[in-house]
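Q: I have a structure I would like to understand better, so I am pasting it below and will then ask my questions one at a time.
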Amino acid sequence: MVAAFYRQVPADDLLGPMYPADDLQGAEQRLRDFLIYRFGGPPRYIEQRGHPRLRMRHAAFSIGEGARERWLQLMNHALDRAEFPDEVSRLLRAFFASTATFLLNRPGS
Ligand code: HEM
């Protein structure tokens with residue numbers, strides 16, 4: 001799912017420029033490790049990055065409704081590709097939507 005998400009990022013007009021073109025693999029690894037940790041797996045994310053502090057780590061990026069919608073669109077597409085059981089997909093969609101709202105730092109844009 002995370003790989004499918006990141007495959008779409010470089011060509012995206014809104015999100016593409018926000019992500020580090022020279023370290024997309026690293027970005028992919030960070031999101032993967034975070035989700036593994038967040039859903040009860042090994043805490044590699046914490047060991048490498050410390051406390052997630054996601055709002056702080058996203059402060060450098062302009063996240064309005066448009067960026068939030070686009071991020072969720074790409075992730076929901078990646079979720080469709082992953083073909084998880086319905087219950088898992090539903091839970092992840094809800095988690096991504098609420099976390100994306102929490103990360104809004106330019107509401108109204
Ligand atoms: C709302 C729209 C969002 C935008 C525009 C956005 C954008 C970004 C960008 C540009 C990065 C830097 C990539 C890197 O070098 O790691 C990043 C990192 C990250 N994002 Fe997001 N993101 C969004 C939502 C989310 C959501 C919903 C989650 C969690 C479910 C999330 C989790 C993360 C994590 C874990 C990192 C790596 C943080 C670190 O350790 O440095 N993001 N995001």
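The values are calculated or read from the model by the stated rules, or taken from the named source; none is laboratory data. Fair warning: this is a prediction, and the values are worked out from it, not measured in the lab. For accessibility, only protein heavy atoms count, side chains too; no ligands or nucleic acids. Shrake-Rupley method; radii C 1.70, N 1.55, O 1.52, S 1.80 Å.
Q: Kirkwood hydrodynamic radius (Cα pairs, Å) of the stretch 16-57?
A: Numbers: mean 1/r = 0.0913 Å⁻¹.
The answer is 11.0 Å.
Q: Give me the number: length gained by fully extending Thr101 to His51, i.e. 0.36 nm times residue separation minus the C-alpha to C-alpha distance, one decimal in nm. Numbers along the way, then the final one.
A: Values: separation 50, 0.36 × 50 = 18.00 nm, distance 1.95 nm.
My answer for the length gained is 16.0 nm.
Q: When the convex hull of the Cα atoms of the chain is projected onto a plane and the area is averaged over all directions, what value comes out in nm²? If you can, show how the numbers build up before the last one.
A: Values: hull surface 27.1 nm².
Average of the hull's projected areas for the chain equals 6.8 nm².
Q: Taking all protein chains as present, what is the carbon and sulfur share of the accessible area of the chain, in % to the nearest whole number, probe 1.4 Å?
A: On the way: 3670 of 6770 Å².
It is 54 percent, rounded to a whole number.
Q: Output wanted: per-residue J couplings in Hz (rounded whole) for the stretch 40-49, from phi through Karplus 6.51 cos²θ - 1.76 cosθ + 1.60, θ = phi - 60°, x for Gly and Pro.
A: x, x, x, x, 4, 4, 4, 4, 8, 10
Q: In whole Hz and in residue order, list the ³J(HN,Hα) couplings for the stretch 92-109 that follow from phi through the Karplus curve 6.51 cos²θ - 1.76 cosθ + 1.60, θ = phi - 60°; x for Gly and Pro.
A: 3J(HN,Hα) across the stretch 92-109, in whole Hz: 5, 4, 5, 4, 5, 4, 6, 5, 5, 5, 4, 8, 4, 10, 9, x, x, 10.
Q: Is it possible to state the helix-based mean residue ellipticity at 222 nm for the chain, with each DSSP H run of 4+ residues giving -39500 (n - 2.57), the sum divided by total residues, to the nearest 500 deg cm²/dmol? What is it?
A: Numbers: 6 runs with 67 residues, N = 109.
When only DSSP H runs of four or more count, the value is -18500 deg cm²/dmol.
Q: Okay, moving on. Just the accessible area per residue of the stretch 1-73, please: how many Å² with a 1.4 Å probe? Mind showing how you got there, number by number?
A: Values: 4470 Å² over 73 residues.
Result: 61 Å² per residue.
Q: Let me ask something additional. Using Cα centres only, tell me the gap between the stretch 42-81 and the stretch 85-108 in whole Å.
A: 10 Å
Q: Oh, and also: What list of ³J(HN,Hα) couplings, whole Hz, do you get for the stretch 56-64 from phi and the Karplus terms 6.51, -1.76, 1.60, once you set θ to phi - 60° and write x for glycine and proline?
A: Calculated HN-Hα couplings, in order: 5, 6, 9, 4, 6, 9, 7, 10, x Hz.
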